[in-house]
Amino acid sequence: MDTNPFMWGPTPFRFENMWLQHTKFKENFRDWWSGFQGNGWEGHKFMRRLQYVKAKLKEWNKFSFGELKEKKKSILNDLANFDAIEQEGGLNLDLLSQRASRKGELEELILREEIHWRQKAKVKWVKEGDCNSKFYHKVANGRRNRKYIKELENERGLVLKNAESITEEILHYFEKLYTNPTGESWGVEGLDWSPISEESALRLDSPFTEEEISKAIFQLDRDKAPGPDGFTIAVFQECWDVIKEELVRVFAEFHRSGIINQSTNASFIVLIPKKSLSKRISDFRPISLITSLYKIIAKVLSGRLRGVLHETIHYSQGAFVQGRQILDAVLIANEIVDERRRSGEEGVVFKIDFEKAYDHVKWDFLDHVLEKKGFSPRWRKWMSGCVSSVSYAILVNGSAKGWVKASRGLRQGDPLSPFLFTLVADVLSRMLMRAEERNLMEGFRVGRNRTRVSHLQFADDTIFFSNSREEELQTLKSLLLVFGHISGLKVNLNKSSIYGINLDQVHLSRLAVMLDCKASGWPILYLGLPLGGNPKACGFWDPVIERISSRLDGWQKAYLSFGGRITLIQSCLTHLPSYFLSLFKIPASVAAKIEKMQRDFLWSGVGEGKRDHLVRWDVVCKPKTIGGLGLGNISWRNLALLGKWLWRYPREGSALWHQVILSIYGSHSNGWDANTLVRWSHRCPWKAIAQVFQGFSLITRYVVGNGDRIRFWEDLWRGDQPLGTQYPRLFRVVVDKNISISSVLGPSRPFSWNLNFRRNLSDSEIEDLEGLMRSLDDLYLSPSVPDARLWPLSSSGLFSVKSFFLALSQSSGSPQNFPSKFVWKSQVPFKVKSFVWLVAHKKVNTNDMLQVRRPYKALSPDICILCMKHGESADHLFLHCPLTIGLWHRLFQLAKMDWVPPRSIYDMMSINFKGFGNSKRGIVLWQAASIALIRVVWWERNARIFEDKERNSEFLWDSIVFLASLWAFCSKAFKGTPLNVIQLDWIAVCTP
């Protein structure tokens, strides 16, 4: 009897990405795909073809894979038998061949298992750190535990505990949620809709191309959970050449008819808990899992829609519009709240919560908005086809229950939904604009230019800025009620809050009663960041510290290797604070606290108390090219992230955040940047950003076009220093130090040289002037080309946080040589690279190191366990030990090379031997063989110390050959070459 508590019925078919690793998969898929015969609509036929392939896949899976666990057990038993025979009297050639074959099968199974668990665990931040480790199993089962619904409280407060009643309650809830209440359809007139251009409307309607479809498919995440059809996008990516003709026909049919059949648009709803103790169905977030075919169609359409949204969406909306970023709204909000506080003027901030925003959107209102915004009838028909043919089955503890036909709402999980929602939400901005034009609302007036900001939107996150007059807030409340009635987006006033600026509590409470919302205090959380807080206070950063702590507590250190911990720090711990660091300057004490958490996690172990920190933290933080792990100093990362604002500022002159900063701070004398002298409030983010200017400006260069914006003397546009620094004597006596290039030289040659000096020049100054004029002989101005700013650290000339970060990191210490290519470019598992990195630094726990770190753990006397003669150090163990040197000689003899051992293992890694030639395969296999040798020697050393097991050099050589061949087999260079072929003859497989 199946006692698995998670199983509440049959689970839907799900494609396993590990199947793609099978050598015959693609060939079989092609046969199955072409073997289907059917008629009818192309979309329907495509879905039926997938069903046909699904049936074939199930049969093939049973035959080819069976149960992974059972197969693995059988192979391990066989290998144990081979080992026993070897211990008793040795293996003959036939048995050695059988053992190598079974080892190959085992490694292939392990690779498939890793892909299976990675897909199941959804651990995006560990790509390869711990291949198929218990960590993956823990995460996958932990996710399942969190999503499992044991009991549910219904609307009347009754607790439901059996499967039938829980399922019934969930289905009833979603039927109600996605059913549009009967009543009239409403539109809205008299607004400035800012419709898209006719050219854009025509472009949206153009026929779909194979290139466009292919691009969309390869942009999608291959491991994302599949919908009712069960196929992941990985299948479409791997088998694009097989399915593309039928898929192009589906798109051509959709272009003509705009119809999406129900099977294509079926969805599973998976329930994701919003909090740890989710009791009611409303405590779960419904995420739609859509079919692979619909996902591709929606991805193509959303790609087109993204390209035109900037024409029609109000500047106050920051979500899903090209060139706008989530942090823009947080910067604006913090700056205008800070300015309002300093001005002494009263004001209020009103943060609203839309009730089930995506789920309540009215389809007829969406169509009305699309019409008003200039979208063609064809595009509107396509959108109607995408949203109105939706039906849902709810996944209750993994089993699909019921089917709900929707009549309103947008699916979370549909690539189109965020863009369509943004179009609907934009109507609220247009209504507010109309109220402002009629002087019914004013918002905040900001800075010297009195820039108006009345509200900011990021998708459904909306915040309003208003004076404290009751009439204005009453108008706002009425607008929200009307908008909710016509669009379906009703405001949940119980979850909305009002905050006062320079306002007494009595007045604020009165306004809250009028708005039916809560009166709350500062700081507040806006788009995940504090608004109105003090970044210099340690408490401001508590959410970051808590988030890192909770993430660390959630990870089972026991199941992570050293390589796995590095991967998690690089991809997760380092980036968790990045959102905060992109806007606020981190105090040194907070940075030190975070780095301590990272440091302790990197060197952590289980059951052994405090672990040795093998490599100094300042070395760990360095870029990989100079011997570090590239984790980076948090304070440098902070400066690099803040520097991005300085790059964006002159490039985004029409953006609202640029206008606000310009209005509050004014312009820099260089004409490109905002004023960087901020003499007030430490709370405003721009003060921290302005402090990065000095380091930023030392790197930026100017490219001369017409010469109108670049300062002749003070900007860096010629040589490695500004001309004012190159010619200090001339600069001291020039009248206008801010004069532009075009004002000095004139628009065309010969140059006019309009330089005014405060006095007549001396002989030496005349010489300098002649030298200056000669140095600009080859300069030509281009009247029609504007001047530009260049970032010389990247090949594109565009700013990147990474390049600025590396420049800051390298400026702090002298660069050193490190065999980074050997360590990090090798095609071996990441945890092996991490071990080799420790060996390169000579920081593995060899006996000489243990005598310094943990004398009670060191071998006494200090001997190498492999040769029982010399003291054990990294250089001896991995290079000079007689056993090891014999293995190295054997590797070089195989490559037909003479070899003299270098002084150290570090030198050994640094020398580019090219033992198997210059081909890509030769380089990959040589590195793999060298690293396999180091790894096998370490394993043997540990086996002799801790397990009292000793293997001869022949066994070790076989292990090296197998391990290196396996790693090569898994690399792109050897794709398609069988493992046994690689093992047989390394020289042959590396010869072009």
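The values are calculated or read from the model by the stated rules, or taken from the named source; none is laboratory data. For clarity, every value in this text was computed on a predicted model and none was experimentally measured. Cβ sites come from the backbone with ideal geometry, for glycine too, and all protein chains shown count toward neighbours. Side chains included, ligands, DNA and RNA excluded: accessible areas come from the protein's heavy atoms. Shrake-Rupley method; radii C 1.70, N 1.55, O 1.52, S 1.80 Å.
Taking the conditions exactly as written (without any contact (Cβ under 8 Å) to a residue 12 or more places away in the chain and part of a helix (DSSP H, G or I)), does residue 943 satisfy them or not?
Values: without any contact (Cβ under 8 Å) to a residue 12 or more places away in the chain: yes; part of a helix (DSSP H, G or I): yes.
Here the answer is yes, as residue 943 does meet what is asked.
Considering only helices (runs of 4 or more DSSP H) fully contained in segment 678-739, which possess at least 2 residues that are over 25 Å from residue 804 (Cβ atoms) and open to solvent by less than 70 Å² (accessible area, probe 1.4 Å)?
Because the criterion is at least 2 residues that are over 25 Å from residue 804 (Cβ atoms) and open to solvent by less than 70 Å² (accessible area, probe 1.4 Å), the helices (runs of 4 or more DSSP H) in segment 678-739 that meet it are 728-733.
Mind checking which residues of segment 575-631 are at pLDDT 90 or above, polar (S, T, N, Q) and in a loop (DSSP other than H, G, I, E, B)?
582
Within segment 905-912, can one find any residue that is in a loop (DSSP other than H, G, I, E, B), more than 22 Å from residue 951 (Cα to Cα), at pLDDT below 95 and within 46 Å of the chain's Cα centre (by Cα)?
So in segment 905-912, the residues in a loop (DSSP other than H, G, I, E, B) come out as 911-912.
Next, from what is left, pick out any that are more than 22 Å from residue 951 (Cα to Cα): 911-912.
Then drop every residue that is not at pLDDT below 95, which leaves 911-912.
Those left that are additionally within 46 Å of the chain's Cα centre (by Cα): 911-912.
There is at least one residue in segment 905-912 that is in a loop (DSSP other than H, G, I, E, B), more than 22 Å from residue 951 (Cα to Cα), at pLDDT below 95 and within 46 Å of the chain's Cα centre (by Cα).
If residue 927 passes every condition in (1) under 28 Å from residue 874 (Cα atoms); (2) open to solvent by 20 Å² or more (accessible area, probe 1.4 Å); (3) outside any helix (DSSP H, G or I); (4) touching a residue at least 24 places away in the same chain (Cβ under 8 Å) but one, which one does it miss?
Every condition holds for residue 927 apart from (3).
Examine segment 871-881 for a residue that is open to solvent by 10 Å² or more (accessible area, probe 1.4 Å), assigned to a loop (DSSP other than H, G, I, E, B) and not acidic (Asp, Glu), and state whether such a residue exists.
Yes, segment 871-881 has at least one match.
Would you say residue 215 is in a helix (DSSP H, G or I) and either among the basic types (Lys, Arg) or at pLDDT below 95 (or both)?
It is true that residue 215 is in a helix (DSSP H, G or I) and either among the basic types (Lys, Arg) or at pLDDT below 95 (or both).
With touching a Phe, Trp or Tyr at 6+ places or on another chain (Cβ under 6 Å) and over 21 Å from residue 20 (Cβ atoms) as the only criterion, which of 987, 934 stands out?
934
Identify all residues within segment 667-676 that are out of contact with any Pro (no Cβ under 7 Å at 6 or more places or on another chain) and either of a type in the set (D, E, K, R) or farther than 16 Å from residue 339 by Cβ (or both); write none if there are none.
Within segment 667-676, 667, 668, 669, 670, 671, 676 qualify.
Need at least 2 residues that are touching a helix residue (DSSP H, G or I) at 6+ places or on another chain (Cβ under 6 Å) per element, so show me which helices (runs of 4 or more DSSP H) inside segment 246-359 make the cut, counting only ones lying wholly within it.
292-306, 326-343
Taking into account only those residues within segment 43-71 that are open to solvent by less than 40 Å² (accessible area, probe 1.4 Å) and closer than 15 Å to residue 291 by Cβ, which is farthest from the chain's Cα centre (by Cα)?
Residue satisfying both the conditions and the ranking: 45.
Would segment 477-497 turn up any residue that is touching a residue at least 12 places away in the same chain (Cβ under 8 Å), more than 27 Å from the chain's Cα centre (by Cα), open to solvent by 20 Å² or more (accessible area, probe 1.4 Å) and more than 30 Å from residue 363 (Cβ to Cβ)?
no
Has segment 383-391 got at least one residue that is within 26 Å of the chain's Cα centre (by Cα), surrounded by fewer than 22 Cβ atoms within 10 Å (Cβ to Cβ) and either aliphatic (A, V, I, L, M) or within 22 Å of residue 308 (Cα to Cα) (or both)?
No: segment 383-391 contains no residue that is within 26 Å of the chain's Cα centre (by Cα), surrounded by fewer than 22 Cβ atoms within 10 Å (Cβ to Cβ) and either aliphatic (A, V, I, L, M) or within 22 Å of residue 308 (Cα to Cα) (or both).
How many residues does segment 269-278 hold that are open to solvent by 10 Å² or more (accessible area, probe 1.4 Å) and touching a Leu at 6+ places or on another chain (Cβ under 7 Å)? First the steps, then the outcome.
Narrowing segment 269-278 to residues open to solvent by 10 Å² or more (accessible area, probe 1.4 Å): 270, 272-278.
Pick out the ones that are also touching a Leu at 6+ places or on another chain (Cβ under 7 Å) and you get 270.
Total meeting the criteria: 1.
Tally the residues that are open to solvent by 20 Å² or more (accessible area, probe 1.4 Å) and either closer than 21 Å to residue 345 by Cα or assigned to a helix (DSSP H, G or I) (or both), restricting the search to segment 428-466.
Of the residues in that region, 13 qualify.
For every residue, the table says whether it meets (1) at pLDDT 95 or above; (2) open to solvent by 40 Å² or more (accessible area, probe 1.4 Å); (3) over 27 Å from residue 48 (Cβ atoms); (4) part of a loop (DSSP other than H, G, I, E, B).
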residue: 175; (1), (2), (3), (4): no, yes, yes, no
residue: 182; (1), (2), (3), (4): no, yes, yes, yes
residue: 188; (1), (2), (3), (4): no, no, yes, yes
residue: 192; (1), (2), (3), (4): no, yes, yes, yes
residue: 199; (1), (2), (3), (4): yes, yes, yes, no
residue: 222; (1), (2), (3), (4): no, yes, no, yes
residue: 229; (1), (2), (3), (4): no, no, no, yes
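Which condition number does residue 892 fail, the rest of (1) assigned to a loop (DSSP other than H, G, I, E, B); (2) closer than 19 Å to residue 914 by Cβ; (3) under 44 Å from the mean Cα position of the chain (by Cα) being met?
Result: residue 892 fails condition (1) only.
I'd like to check something: does segment 793-807 contain any residue that is part of a helix (DSSP H, G or I), in contact with a Pro (Cβ under 7 Å, 6 or more places away or on another chain) and open to solvent by 50 Å² or more (accessible area, probe 1.4 Å)?
There is at least one residue in segment 793-807 that is part of a helix (DSSP H, G or I), in contact with a Pro (Cβ under 7 Å, 6 or more places away or on another chain) and open to solvent by 50 Å² or more (accessible area, probe 1.4 Å).
Quick one: in segment 947-980, which of the residues that are among the β-branched types (Val, Ile, Thr) and either in a helix (DSSP H, G or I) or in contact with a Phe, Trp or Tyr (Cβ under 6 Å, 6 or more places away or on another chain) (or both) is most open to solvent (accessible area, probe 1.4 Å)?
Filtering segment 947-980 for residues that are among the β-branched types (Val, Ile, Thr) and either in a helix (DSSP H, G or I) or in contact with a Phe, Trp or Tyr (Cβ under 6 Å, 6 or more places away or on another chain) (or both), the one most open to solvent (accessible area, probe 1.4 Å) comes out as 961.
Working only within segment 498-525, note down all residues that are open to solvent by less than 50 Å² (accessible area, probe 1.4 Å), of a type outside the set (A, V, I, L, M, F, W, C) and touching a helix residue (DSSP H, G or I) at 6+ places or on another chain (Cβ under 6 Å).
Within segment 498-525, 500 is the sole residue that qualifies.
Taking the residues in segment 155-167 that are surrounded by 15 or more Cβ atoms within 10 Å (Cβ to Cβ) and free of Cβ contacts under 8 Å to residues at least 24 places away in the same chain as candidates, determine which candidate is nearest to residue 398 (Cα to Cα).
This residue is 165.
So, in segment 750-778, of the ones that are of a type in the set (S, T, N, Q) and in a helix (DSSP H, G or I), which residue ends up surrounded by the most Cβ atoms within 10 Å (Cβ to Cβ)?
So the first thing to find is which residues in segment 750-778 are of a type in the set (S, T, N, Q), and the list is 752, 754, 756, 760, 762, 764, 775.
Among the residues that remain, those that are also in a helix (DSSP H, G or I) are: 764, 775.
Working: 764: 9, 775: 14.
Looking at the filtered set, the residue picked out is 775.
Going by what's in this entry, would residue 315 be described as farther than 18 Å from residue 298 by Cα and open to solvent by 10 Å² or more (accessible area, probe 1.4 Å)?
When the stated conditions are applied, residue 315 passes them.
Can you say whether residue 632 is within 19 Å of residue 695 (Cα to Cα), in contact with a Cys (Cβ under 8 Å, 6 or more places away or on another chain) and buried (at least 18 other Cβ atoms within 10 Å of the Cβ), as far as the supplied structure shows?
In short, yes.
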